[in-house]
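Remarks on the structure that follows.
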Amino acid sequence: MFEEYKTLYLYRTKQYEECLQLCDKVLKDKSDRMVEFIRMRAMTAQVKVAGNGYEEVDYLPYQESLTSTAVAKTPRPGTSFDKKITTAHLTQANKRISATATLRTGVNAHTARAHSARTALHTASRASRAATAIAGGPAHNAPISLRILSKDEKNFIPAAKTLFEYVFYCEGDIRKAMDIAFQAQKADVTVDWWWNYSLARCYYTLGMYRQAEDSLRRALKQNKHICIYLRLIAMYVAINQPISALDVCKQGLSVFHENTSLLIEQARINEQMGNSAVAVKDYRMVALQDPSNMEAVANIAMYNFYNDQPEIAMRYYRRLLATTPPGSEIYNNLGLCCFSCSQWDLILPCFRQALFFSTDPPSKADIWFNLGHVALSTGDMILARRCLQVSLAIFEKEYVRQALRALDTRLRARKH
Amino acid sequence: MSLFKVRQWWSNARSHSVETNDNIQNIACMKIDKFNSHNDSDCILLSEGNHLKLYKPCLGQDSSLLETELDDIVLQIETGKFIGTSGDREIIILHPQCYIIYELHRKGGLTDAGDQNHIEPLIKHYFKRRAYNLTCGPFGSSKSRDLICVQSLDSTLSFFDQDTFLFMCMFNDILIPGPVSYVASSDLFIICKSTWALEIYSYQQLRELSELSLRQNKNNIPQWTYNAGEEISSVQVIRTSNNFSSIIALGERHLYAFQDNGLMKDIIRLDYTPICFHCYLIGWYYEPGARLLVMVVSDDSRLFVYEGTTLLWACDLMTKTLSISRCFLNSLPGGIVSLGPNGVLTVNYLGTEPDLNPNVNLTNEPVDPEQIHVELESIEESLKQITADDKGVTVDITNVERTIVIKANVGKPVQNTFEQINQNSDSVLQFLQCPLIVMITCEEPKLIQSIQITYICSPPFEFTESTKCIDDVNGTEIIETRVFLLNENDLSDTQIKILFTIVDQTGKVVTLYKSVLLPLSLYCTINDTVLDNQLKLNINVNDTCLDFGQIFTDFMPDQLIKLENTPNTITFKYRTTGNTITLKGKDQEYSIESNDFPEIASILVYFLHKLNEHYMRSNIGIRLTLKPSMDFILQMIHRFLKSIETHSKERIKLKKLEDDLDTLQRQFTVIQKRLLVQYGSLPPGDCDPLEFLMRDTHDRLTRIVQEIIQSKDIVCRAGSTLASIGHLIVCILRNISTDTLKVSLIEEMLSLDSLHTYCQEWEEVVTQSSAYVSNKFLNKSDKDKEKLAPVMEQGILSHINMKRFLKQLRIILERVFEEEYDENIKDSEDKGNKIIRTEELVEII
């Protein structure tokens, strides 16, 4: 008889894996409404964590989730999303250092354009992922409540939200989820913003951005919740309307002063539009509110670096190095900062670490390119040439090829 | 993420026994409070299963005050003044079917055994509904003592005073019982519903609700409500000022802070999954400067401390934590108490002095400079190969060549009688067709994407199919095509080149060449011996002459014998021109005799080839010496120049005809236009003269076109003659000269391959190259150069330019042959031999 208590405690302490096992055990012997709901909730929470369901903003680069269709078995640590952002931005830093200012705008323009195409693909992949996440589970876990519970029953309204999230995330059946939402809206006498917000989620997944916008606007009239603002921003970014997105940011910030998530969104949009100076102002505010925000620190560092203040950038990067798990980008950027600050003793160790941690060929090639730059500044043309050759051998990049050509002509000119 | 880690100050891990429960710890079973009997510091009440423990943490000690076993499992521990008689706070313990109120007693020890603590049950009350949690406080502003509210598993609220049941409230919109809290300052209850909303009722309302629930269809509207849109996992209430309390609620990803009147103070969006939180006040609530801080624990066991929305501190908790609280101990004010999943209790403090760069371990292994140098060189080599494109290709060519074996063979000429019947008999030559078979064997067909085979021959030979593409090569491919004679021109080149263009799987293109000699029987027949010939070319061999039957294997031996009149003499007749050529073999000398030069070239090439082949087969080293007389050479050059002249003259004729055609065509269109105007005019004019003109022009047009066709044919024939004599020159030069550069220079200069059926602008090409050769390689004065330079204003084919061109060519050729003869003369002078001849060694091994 204590199993109910145990499931409740496991659920409250968010030990979902154990909780689900216990639920299955309990439900084998008897049917218990509460345990059934707990099981539904636990499953939903697991899938939500695995499928990034808690992130309202999902327009960030998702190469990883696109490539891997594998089911995330264990929930990712809550901060992993942050880490991804920093790396994404840091790699952008790599690109910029290696190219001129013109390339920088080119890169930005490219990302801005690529979004709309990517999101459609991405939402599809996400929906399927949510569905597959639970498909691996035991076959008998079909929600009994869902089949028994009709919309006329009296506890349909309290159960509706649980059911909706279960259907939306675990079953991945958007139509069914929308059906629940409409029924609940009809049955409930009071207006609930959450239903509009959830309908917007459905529309967004189906790629119907206009309807999503309408629903979100309606929800925003009923309750000013931060989730709605974030969804609205994400939606505008998805349909490539950064000005509207910035407008929503401003509205949200007038309600929630100095809210970090809104500030970060505003900064990201500004950054993507090329207003680095405005973006860095927001990033600074974020860093004041939440000094542990890696994305903000990384961006401030990057801004300083490009603003000809490598010493300050280096301090930020050193802080990042102390607080985050080490990665190739951080060492690469540190190496570049050392190089700009003439800290010659640290340049090569930094780049060596960067090479040690780097995994993908493009970033490796970038690191070698930067090393070539360092070698060139020491006057060691042969080493510079070697570095560039290694870079080319790892990954073909046009600017590396150009640099090598320029270096070769220079070497030849010297010989003659 | 942060630099910092909490520092552990005290833990019960040592005395803790794991087997007491199933690794399931109820988070509500921890209570920190101060008791009169231990008034110097806080005590921690902890229960696991049905064990109750009381700790008073002290540095370096176990500090367990009490350990007892209860009858049933413990759901929750709270403290409060439930009886109200004694000054001390009582302990209430919630079991599934009852609650028991205890009092803590301390007995002073008489001996060294120390103090003795025990708890004494005061009130025990049973109820029917199974409980989930309880909340207590001075409900309804009761002054004397605290009342008790128990939430059961089916989420009804039962209210008790000591051991008396007061009333019960039922909610039908709670599926999973959630947290219930009481706000003492304003006498409010916070209930978390399954609609994911917080509802706040006053105590009075709940009392009325209990009565209302008897009467149906009456709604009770809460004081205020907040729709969080996510499940609220825990709620805490803290008094923050004289008038107000703060309600802190933790959702799935948000932390909400309200005032008890429903005003939202803050919302923090967390980007991690929170497990639990604890809020506390620094300073006293009645002081204006009191600060409300919230500690939140994430699922990756990190601790975040917020004030408002600002993050003040973040650190690592080191262990998984399910519940967190603060305690005030004698030697550690403001310690952080954390409860682990299996009942491990730790008291920590926020440490500073971070361990900087804990993850960094530099990879600085010692290195040997010499070894590195060697490695560097090998790397550089491979880098060069990768980056330099052309070098990579040479490797690939050998690869492809290694995998592909190509054999090309020519079969016997076959008379194609079928087509002969079907077609007109005026082109008899075309029916003798010679099959050409190419066999491609590939060891690794995967390496090759496609192969294109192109056959190249010079007129008058033609192919039935000049190109062939093979897309997928598997194993061996056999491709057959047929060669035949197209017209009756002179033969220039009897070699056939086969060009293989191979695309390998990486997309690189590789080309290979093969060349094949056509059989003699395709273009020659054996004729009666013709003995009187004007021209004679001798070939010396340092061996006795072979029987021709061994050389001309294309023909049947009986065929040869049958027609042979004189010993070792044979005469061939060209199928194309009908001219004859006679070969004689005597002692150590062969001689080729004919009336004209064009005939000699192809037979000479064929004969030399066959002779070499024969000796190669029989493995005899032999020296072949070509001995043309100077007279022969001069005649040959003369004939060559003559043929060029004929060719250019024919070309001029052709050019004139083409110009005429152009004029006539223009004339024709003009007449047509006029005629159309006449037709269209009203009334129609007289059209007869114009029509007559048009018909006449048309006749002239057709005539001139026919003439052009004939003229073209003549030009082609002249071109063939030119080419065949050119080939003869090159062949003789190759055989008598030792200077390979000179030979190839002359060969390239004459560029006989550029003569083709539709491309007869040979003079233009050779004028350029001959001018280059004469200027660069022949030491001549500027005057001579000027003399021979073509006149710019006139075309190459003009009389003066042609004259100069021929002169130049003659000079070059004569010089070349003279040089050869001079050398030979020097050699032969020693021997006393005055005959001008040349010697060329062809080593055959």
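Values in this text are rule-based calculations from the coordinates and carry no lab data. Fair warning: this is a prediction, and the values are worked out from it, not measured in the lab. Glycine gets a Cβ as well: all are built from the backbone with ideal geometry, and neighbour counts include every protein chain shown.
With R₀ set to 45 Å, the beta-carbon distance separating B:ASP587 from B:ILE470 gives a calculated FRET efficiency near 0.30.
Per residue of B:261-273, other chain Cβ atoms within 10 Å of the residue Cβ number 5 on average.
Within the shell defined by Cβ-Cβ distances under 12 Å, the residues around B:ILE44 carry a net charge of +3, with Lys and Arg each +1 and Asp and Glu each -1.
Report the full-extension gain for the segment B:GLU120 to B:LEU531: residue separation times 0.36 nm, less the Cα-Cα distance, to one decimal in nm. It would help to have the intermediate numbers written out before the result.
Numbers: separation 411, 0.36 × 411 = 147.96 nm, distance 14.89 nm.
Extending this stretch completely gives an extra 133.1 nm.
The ranking of B:ARG129, A:ARG201 by Cβ neighbour count inside 10 Å, starting from the fewest, reads B:ARG129, A:ARG201. Distance from the Cα centroid of segment B:468-512 to that of segment B:745-769 is 24 Å (rounded to whole angstrom). If you take all other residues with their beta carbon under 13 Å from the beta carbon of B:GLY84, and give Lys and Arg +1 and Asp and Glu -1, the sum is -1.
Distance from the alpha carbon centroid of segment A:337-376 to that of segment A:25-47 works out to 53 angstrom.
The mean count of C-beta atoms from other chains within 10 Å of the C-beta of residues in A:386-393, rounded to a whole number, is 4. Averaged over the residues of peptide A:9-20, the number of Cβ atoms from other protein chains lying within 10 Å of each residue's Cβ is 5. Segment B:694-741 and segment B:171-201 have Cα centres lying 109 Å from one another. Taking label points 7 Å from Cα along the Cα-to-Cβ direction, B:TRP313 and A:SER244 give a separation of 4.6 nm. Around the Cα centre of segment B:4-350, unit charges on the Cβ atoms of Lys, Arg, Asp and Glu (plus for the first two, minus for the last two) sum to a dipole of about 500 debye. Neighbours of A:TYR229, meaning other residues whose beta-carbon lies under 9 angstrom from its beta-carbon, give a summed charge of 0 when Lys and Arg score +1 and Asp and Glu score -1. Can you bin segment A:185-258 into rounded, prolate or oblate? Criterion: square roots of the alpha carbon gyration tensor eigenvalues sorted a ≥ b ≥ c, rounded for a/c under 1.5, prolate for a/b above b/c, oblate for the rest. Here segment A:185-258 falls in the oblate category.
So which of B:LYS497/B:LYS573; B:LYS649/B:LYS803; B:LYS584/B:LYS610 end up more than 19 Å apart, counting from Cα to Cα? Before the final figure, lay out the partial values.
Working: B:LYS497/B:LYS573 25 Å; B:LYS649/B:LYS803 12 Å; B:LYS584/B:LYS610 15 Å.
In this structure, B:LYS497/B:LYS573 lie more than 19 Å apart at Cα.
With the simple spin-label model, which puts each label point 7 Å out from Cα in the Cβ direction, the B:CYS58 to B:LYS655 separation comes to 12.5 nm.
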